[in-house]
Amino acid sequence: MSAPLDIEAELREILARRQITDAAFRYTRGLDRIDRAMLLSAFHDDAWVDCGLMQGGPVAFADFALGFLQSMHRTHHQLGQQHIAMRGGNHASAETYFQAYHDIVDEAGHRRDLIIAGRYVDEYTCRNGEWKIAARTLITDWVTDNPGNRGFFDENPDAPAGQRDGRDFSDWREWPQSVRAKIEQRG
């Protein structure tokens, strides 16, 4: 015979998992948009980060990562499967797979496509009702570095392309008036 369902406990866990996933999304969006505030919002102030090339707190990590990524033309961090293990009411462990694309220029001035794939191994805690990263280690599983091809962008200069620093379409969402009217009309 199964135990009775505790709806309140189930709902708390569902909400915790949603906040944990949202913190992971804010982290990657902060990296790709070079948005320091968004990146830091994924971490508790006293969190610890080990990304392989540096270890330290979230502010030191943001300085390092955003300084490094700012020199790249474009990045795209994509999250994959995520396993979250709840460890009591205010602690969870997570492992989240990722692939990170980096549009770089090498020392000879040639464009390169650097792709890093791995996993974020995290400890999350809930403080003051907010789930954030308390500790993170980035595990690199594979890396590939290939000559870049920007033919699509050259051939389609008017196609929306990822931007940074508040210039991305997702930041300002300037829909054509006819589209905006339909959105607003249909709710």
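Values in this text are rule-based calculations from the coordinates and carry no lab data. Because the structure is predicted, anything quoted here is derived from the model rather than measured. FYI the Cβ positions are ideal-geometry reconstructions off the backbone, even for glycines, and counts take in every protein chain you see.
So the values come out like this:
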read-out: Interchain or long-range residues, amide H under 5 Å from residue 168's placed H; value: 163
read-out: Candidate values (1) 1.04; (2) 1.08; (3) 0.97, label of the one derived for Rg/Rh (Cα atoms, Kirkwood Rh); value: (1)
read-out: Cα-based radius of gyration of the stretch 83-187 once divided by 2.2 N^0.38 Å, which approximates compact folds; value: 1.58
read-out: Most to least packed among 156-163, 102-109 [average Cβ atoms within 10 Å]; value: 102-109, 156-163
read-out: C-alpha center-to-center spacing [the stretch 45-78, the stretch 149-187] in angstrom; value: 27
read-out: Reciprocal of mean inverse Cα separation for the stretch 99-153 (Kirkwood radius, Å); value: 13.8
read-out: For the stretch 1-81, with +1 on Lys and Arg beta carbons and -1 on Asp and Glu, the positive-most of 72, 44, 19 along the dipole; value: 72
read-out: Cut-off of 10 Å, at most 14 other beta carbons, DSSP loop: longest stretch of the chain lacking such trypsin sites (Lys or Arg not before Pro); value: 1-86
read-out: Potential lengthening between residue 76 and residue 11 on full extension [0.36 nm per residue; Cα-Cα distance subtracted]; value: 20.1 nm
read-out: Beta bridge orientation in the chain: antiparallel %, DSSP, nearest 5; value: 90
